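Since the structure comes first, as structure tokens, the remarks are kept for the end.
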Amino acid sequence: MFHGALTAIITPFRDGAVDEAALRELIEWQIQSGIDGLVPCGSTGESATLSHAEHERVIKITIEQARKRVPVVAGTGSNSTAEAIRLTASAREMGADGALLISPYYNKPTQDGIYKHYKTIATSVDLPIFAYNIPGRTGSNIAPETFARLAELKNVIGVKEASGSTEQTSDILRLTNGKFTVLSGDDALTVPLMAIGAKGVIATIGNAMPREMHELAAAGLAGDFERARQLHYKMLPLMRTLFIETNPICIKQALAFMGKCCNELRLPLVPMTPPAAEKLKAAMKDLRLI
């Protein structure tokens, strides 16, 4: 169920509120384009500035619009274990197929604290759980040995791995010995990580290029790395350009260029600088997206 290309979907805003119509249209376009799954309320979905009511509403809309045509893995992480349990239980009640929980940020627990955080959530809520390892945002790394412990838990089934290290991913795959689903958390590392055993990606660029990301991941899963490399090199300039400013600033601007949503963010995020936006526009024109 949780293989291939899943899009870490943006949260469109209009006049300060969640633009529910734009969100539903974006979800429908994603599914019609062949995407393998949707991940609302991650960092790309600006979960940090959503109220709890908005957070739950975005997940509910995604589940409703998907109508079980693709799995929905709801972002329900928090640096408070109790809050993460509440958000995960709410996502389960709404019908989410899984949950993505970022490793606790700011309070920087020890490896044993990280393990107990996920264990407590997994034993409290009967829902498949993906850990999300992104040291650049959390300030701490989940060690491969900790993933080996997590892989023994019934509900913790995988990781969105965004450490940027193929060596770390190799160690995770080696130590979990087939018990864990590893999904790339870095668009540009999807093909390298799939070559060593990852099963796909939770992608930012999937917001703008869902069909191509589906095809790239499908080629990797089929062992057709010649095709996967072709798609990788085709999209690589845009993958890089989407991260010249903090995600999701650039992907929101890209979707605005495509007419999919307003270019509206919530502070402290601000729109792209004009020179950066011109670089993004040029990269998109090269791919005939605009």
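A compact table of results
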read-out: Longest site-free stretch - the chain; sites: trypsin sites (Lys or Arg not before Pro), DSSP loop, at most 12 other Cβ within 10 Å; value: 155-287
read-out: GluC sites (Glu not before Pro) restricted to the range 10-106 and DSSP loop, no more than 15 other C-beta within 10 Å; value: none
read-out: Within the range 24-51, backbone nitrogen closer than 16 Å to the virtual label 7 Å beyond the Cα of Asn79 toward Cβ; value: 43, 47-50
read-out: The chain: relative contact order in percent, alpha carbon pairs under 8 Å with at least 6 residues between; value: 18 percent
read-out: Length gained when the stretch Ser124-Arg211 is fully extended (0.36 nm per residue, less Cα-Cα span); value: 27.7 nm
read-out: Which of His3, Ser163, Thr81, positive extreme of dipole for the chain (C-beta unit charges); value: His3
read-out: Order of Val156, Val18, Val270 - criterion: other Cβ atoms within 10 Å of each residue's Cβ, fewest first; value: Val270, Val18, Val156
read-out: Computed [θ] at 222 nm, helices only, for the chain once each DSSP H run of length n ≥ 4 contributes -39500 (n - 2.57); value: -14000 deg cm²/dmol
read-out: The range 134-149 versus the range 170-198: alpha-carbon centroid distance in Å; value: 14 Å
read-out: Debye, to nearest 20: dipole size of the chain, +1 on Lys, Arg Cβ, -1 on Asp, Glu Cβ; value: 140 debye
read-out: Cleavage-rule hits, GluC sites (Glu not before Pro), the range 134-241, DSSP coil, Cβ neighbours within 10 Å at most 16; value: Glu152
read-out: Cα-based Lys proximity count in the range 4-222, under 28 Å, for pairs eight or more positions apart or on separate chains; value: 28
read-out: Additional length obtainable on full extension of the chain from Ile196 to Lys116, 0.36 nm per residue less Cα span; value: 26.0 nm
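Each value in this text was obtained by applying a stated rule to the coordinates, not by laboratory testing. Just so we're clear, the structure is a prediction, and the values are computed from it rather than from any experiment. All Cβ positions, glycine included, derive from the backbone under ideal geometry; neighbour counts span all protein chains shown.
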